[in-house]
Amino acid sequence: MLKLTRKTEYALIALRHLRLVDLDEVVSAKDIAARYNIPQSLLAKALQKLSRQDYIEPIQGPKGGYRLKVKLDMVTLTQFFELMEGPLGLMDCYFDSNCELIDSCNIRAPINQLNDSMRTMFDNMTLNDVTN
């Protein structure tokens, strides 16, 4: 089953929240966590990752927090999911050919077609589509 981790879910929640506030408004991890009833420690890890990749800007100080830095319509879901989760594929052989069964596997071609279709769908969607 294709499933996003909690860290990715929390990152999406945070991005949507930051998208809905004024561009100059700074929002703390504590405020986002309280607003959506999510663990602040996991949210903080997601926000750190987004900050390291320049999706959001960290603001230091007593009134610090985060604000959106990237235009969400410029980031595809494929880019975002791979940032948060790693290579996007239903099976490891899609991005790693070290599988012992690769020469005799009878489902590799159809699974690769599914992967290609999934990637195309996510390539044609942006973070703006999910956070709108």
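The values are calculated or read from the model by the stated rules, or taken from the named source; none is laboratory data. As the structure is a computational prediction, the values presented were derived from the model and not from experiment. All Cβ positions, glycine included, derive from the backbone under ideal geometry; neighbour counts span all protein chains shown. Protein only, heavy atoms only, side chains kept; ligands, DNA and RNA dropped before computing areas. Shrake-Rupley method; radii C 1.70, N 1.55, O 1.52, S 1.80 Å.
Observations
- Backbone N atoms of segment 1-34 closer than 17 Å to the 7 Å Cα→Cβ label point of SER41 belong to residues 6-8, 10, 29-30, 33-34.
- Packing around the peptides 43-53, 19-29, taken as the average count of other Cβ atoms within 10 Å per residue, puts them in this order, highest first: 43-53, 19-29.
- Anisotropy class of segment 58-132 from Cα gyration tensor, a/c 1.5 cut: oblate
- Distances between placed amide hydrogens fall under 5 Å for LYS69 paired with ILE56, GLU57, all partners being 5 or more residues away or on another chain.
- Listed values for segment 26-32 are Karplus-derived 3J(HN,Hα) couplings in whole Hz (6.51 cos²θ - 1.76 cosθ + 1.60, θ = phi - 60°), namely 9, 10, 7, 4, 4, 5, 5, and x replaces Gly and Pro.
- The local environment of THR5, defined by Cβ-Cβ distances under 11 Å, has a net charge of +2 under the rule Lys, Arg +1 and Asp, Glu -1.
- Global geometry of segment 18-68, whether rounded, prolate or oblate, following the gyration tensor of its Cα atoms and the 1.5 cut on a/c: rounded
- Environment charge of ALA44, counting only residues whose C-beta is closer than 11 Å and scoring Lys/Arg +1, Asp/Glu -1: +4
- Accessible-area rank, largest first, for LYS7, LYS63: LYS63, LYS7, with all protein chains present and a 1.4 angstrom probe.
- Taking only protein heavy atoms and a 1.4 Å probe, the accessible area of segment 5-132 is 48% carbon and sulfur.
- Once the 1.4 Å probe is applied to the protein heavy atoms, the chain comes out at 65 Å² accessible per residue.
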